[in-house]
Each structure stands twice: as C-alpha cells, then as structure tokens.
1. Residue 152 passes all but one of (1) surrounded by fewer than 16 Cβ atoms within 10 Å (Cβ to Cβ); (2) assigned to a strand (DSSP E or B); (3) within 10 Å of the ligand (Cβ to nearest atom); which number fails?
2. If residue 77 meets every condition in (1) within 13 Å of the ligand (Cβ to nearest atom); (2) part of a loop (DSSP other than H, G, I, E, B); (3) more than 19 Å from residue 336 (Cα to Cα); (4) touching a residue at least 24 places away in the same chain (Cβ under 8 Å) apart from one, which number is that one?
3. Within the range 60-74, which residues are within 12 Å of the ligand (Cβ to nearest atom) and either in contact (Cβ under 8 Å) with a residue 60 or more places away in the chain or more than 18 Å from the chain's Cα centre (by Cα) (or both)?
4. Look at the range 302-345 and say how many of its residues are in contact with a helix residue (DSSP H, G or I) (Cβ under 8 Å, 6 or more places away or on another chain) and in a helix (DSSP H, G or I).
5. Anything in the range 161-170 that is part of a loop (DSSP other than H, G, I, E, B) and on the phi < 0 side of the Ramachandran plot? List them, or say none.
6. Which residue, of 220, 216, is free of Cβ contacts under 8 Å to residues at least 24 places away in the same chain and within 16 Å of the ligand (Cβ to nearest atom)?
7. Go through the range 171-275 and tell me which strands (runs of 3 or more DSSP E), entirely inside it, have 2 or more residues that are farther than 30 Å from residue 68 by Cα.
8. Name the single residue, out of those in the range 82-113 being assigned to a loop (DSSP other than H, G, I, E, B), within 16 Å of the ligand (Cβ to nearest atom) and without any contact (Cβ under 8 Å) to a residue 40 or more places away in the chain, that is surrounded by the fewest Cβ atoms within 10 Å (Cβ to Cβ).
Ligand SMILES: C[S@@+](CC[C@H](N)C(=O)[O-])C[C@H]1O[C@@H](n2cnc3c(N)ncnc32)[C@H](O)[C@@H]1O
C-alpha cells in the first residue's frame with residue numbers, strides 16, 4: 001500500500017472538504033493522528049534527546065514537592081490520577097516520596113491516550129520496587145467516579161486550540177487551507193461567535209487562541225470527581241496578560257529538537273505544537289462546572305511554599321550541586337519559575353492548600 005505522509009493526509013482532508021479546517025482540527029491531526037501524530041508515533045519527545053524538557057524531566061524535586069501537596073489531601077482511601085504522563089517519570093518521583101512520607105494513594109492511575117507512551121511509561125514504572133509499581137494502573141477513559149488528586153502537567157497546552165483573528169469589529173477563525181499544494185493560514189468567512197469574552201481594545205489583525213476542548217475536558221472532569229483536588233500546571237497566564245494588546249501574534253509555539261518556532265506547517269507530526277493556557281478561562285469554566293478555586297500561583301512560589309529548598313539540606317554534597325542547579329531551572333523567573341503557573345481546583349474539600357501559602361493570585365484570574 002502506498003504510504004501517505006501526515007502533511008499529505010491533512011492536505012487531502014482540506015481538499016476533500018473544499019474549505020479550510022479549524023486550527024484545532026489541524027493540531028489534533030498533527031499531534032494525535034492515530035499512526036503519525038506527534039504524540040502517537042515512536043519519536044523521542046521528552047528530555048535532552050527529544051524536543052523539549054518538562055519540569056518532571058528537569059528534576060525529581062518537582063515530583064517530591066507535588067507529593068508533599070498530595071500528602072495533605074490523601075487519606076489512605078483515595079487515589080491519584082495523572083493525565084498525559086509523558087515518559088512516566090513523575091509517578092517515579094511522587095510515589096517513592098509519598099512512601100517515604102508514609103501516605104501512599106490506594107491506586108495511582110495514569111490516563112494516557114498514546115499506546116506508544118503507555119509502553120514507555122510501563123518501562124519507567126518497572127524501575128520502581130514492585131510495592132510501588134503495582135499501585136500504578138493505566139486507563140484509556142475517565143473513571144466513572146473519582147475521589148483524590150488529579151494531576152495534569154503540561155497537558156492543557158497540548159490540547160488542540162482554535163486560533164482567532166480580529167477583523168473590523170469582530171473575531172473570525174484563523175483556519176488552515178491548502179493553496180498551490182502548500183498549507184496556509186486562511187480566515188473563515190463567518191464571524192466567530194461563542195459566549196467567551198474576547199477583548200475589544202485590540203487592533204485589526206490581532207491574533208489569539210481559544211480552547212473549547214480544554215473547557216469541555218474540565219467539564220467532563222467535574223462530572224466524575226466526587227471529592228478532591230485537581231492540579232493544573234502549565235505554561236500560561238491570566239486573561240489580562242493573555243489578551244494584552246501587545247500579544248498580537250497569539251501564543252502558538254512549536255518545538256523541534258529544542259528549537260522554538262511559530263510555524264506549525266513544518267515538521268508535521270515530528271514537532272510539538274502548543275498554545276499557552278488562559279487560566280482565567282479555565283478557572284471560569286471550572287466554576288461553571290462546580291469546582292472551587294483552591295489557589296493560583298507561579299510554579300516558583302508553589303514549589304517554594306512546598307519547601308523545595310529544604311531538600312538541599314537533606315542530601316550529600318554531589319547531589320547538592322545538581323539539585324541546586326535544577327532548583328534554579330524550576331524557580332528562576334527567566335527559566336520556568338514565572339511563565340509556568342499552578343491552578344488548583346477543589347471539590348467538596350475545605351482545606352487551605354499548602355502550595356499556596358506563599359502566594360495566591362486567584363483574585364487576578
Ligand atoms: C507536553 S506532554 C507532557 C507530558 C508529561 N505530563 C510531562 O510533564 O512530562 C503533553 C501530554 O498530554 C497528553 N494529553 C493531551 N491531551 C490529553 C487528554 N485529553 N487526555 C490525556 N492526555 C492528554 C499528551 O498525550 C501528552 O502525553
């Protein structure tokens with residue numbers, strides 16, 4: 001059978017429809033096409049050999065701090081559910097630290113859409129002692145009902161987003177068309193209407209993103225969570241920053257072998273595509289769906305509140321140098337400290353979360 005590459009598959013879809021597709025549909029195919037999508041095919045994605053490095057790939061201390069936050073909520077009867085677990089490394093940080101703190105979850109679920117990543121995660125989990133490894137269970141769909149802690153690190157930014165462009169007094173969708181056998185940006189003819197508040201103080205041609213799929217995901221989560229905490233950690237900002245008149249090109253970023261670009265039409269299926277999270281939008285959706293806001297802080301202040309620096313006093317000299325370096329990467333403003341935020345959503349839970357003891361910017365959402 002003739003092999004058709006992903007770029008051609010996408011062009012064929014557009015040609016068959018005889019109209020542009022939404023950027024969300026393009027992003028969905030580029031990242032999640034069952035065979036050739038970036039997150040489905042077997043390329044090394046995470047770490048130095050891959051295209052980008054996430055916080056758990058940067059340092060075990062990230063997972064240790066999350067474990068400390070989990071400990072406050074775990075009661076011996078509830079579970080942890082991690083979405084989009086990448087290489088699986090976060091579970092190998094959280095579980096041993098929780099074991100050390102004497103508070104393991106009943107089950108550590110991983111909901112992973114990619115079969116290839118599930119296999120990779122199983123290999124990583126198998127490096128832990130069986131007592132810990134055996135608590136991990138993989139899911140392909142949301143559980144029927146859930147009590148405990150949901151963790152999603154850099155998952156929202158990987159959800160397919162729509163792009164919008166300001167035209168005269170309204171916004172239209174900026175979709176993907178095919179001209180002269182090239183993928184090109186193409187504006188939809190109709191006005192983009194939904195109930196989201198979009199800025200009206202921006203000039204013509206100003207571009208932004210909106211993520212109805214992330215909103216739907218929050219809503220679906222809310223229907224299954226009976227009691228517990230959701231920790232969303234991602235690259236993003238509140239609505240004032242997101243819709244800043246000077247952010248005129250939106251937040252779309254692509255990563256290929258540690259090079260960032262804003263061109264999603266190259267290396268299709270071989271590069272990561274992300275958009276920043278509008279945390280105000282997510283928080284509003286969460287409240288509409290029945291969650292309460294448990295806190296909102298920069299990654300730096302969240303990790304500091306959980307005592308990331310205390311680990312330095314508990315280790316030997318060799319590890320000390322590495323860990324000091326890694327802490328810088330996780331907390332310094334020009335690294336991941338300020339651009340990454342942590343949003344906590346809670347349901348039926350009256351506890352002041354330790355991670356927000358130093359900073360809670362919920363009022364800015
Ligand atoms: C940038 S990676 C982050 C991986 C990992 N969490 C880390 O921090 O290293 C994004 C992950 O989100 C997953 N993802 C995206 N949408 C998802 C969804 N609706 N449900 C579960 N996982 C999803 C992708 O498959 C991918 O594994």
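Values quoted throughout were computed directly from the atomic coordinates according to the rules given, and no laboratory measurement underlies them. Since the model is a prediction, treat every value here as computed from it, not as a measurement. Cβ: placed from backbone, ideal geometry, glycine included. Neighbour counts: every protein chain shown.
1. Against the list (1) surrounded by fewer than 16 Cβ atoms within 10 Å (Cβ to Cβ); (2) assigned to a strand (DSSP E or B); (3) within 10 Å of the ligand (Cβ to nearest atom), residue 152 comes up short only on (1).
2. (1)
3. Within the range 60-74, 62, 66 meet the criteria.
4. The number of residues fulfilling the criteria is 16.
5. Passing the criteria: 161, 169.
6. Going through 220, 216 in turn, the sole match is 216.
7. 182-191, 207-210, 253-256, 259-261, 272-274
8. Only one residue tops the list, namely 112.
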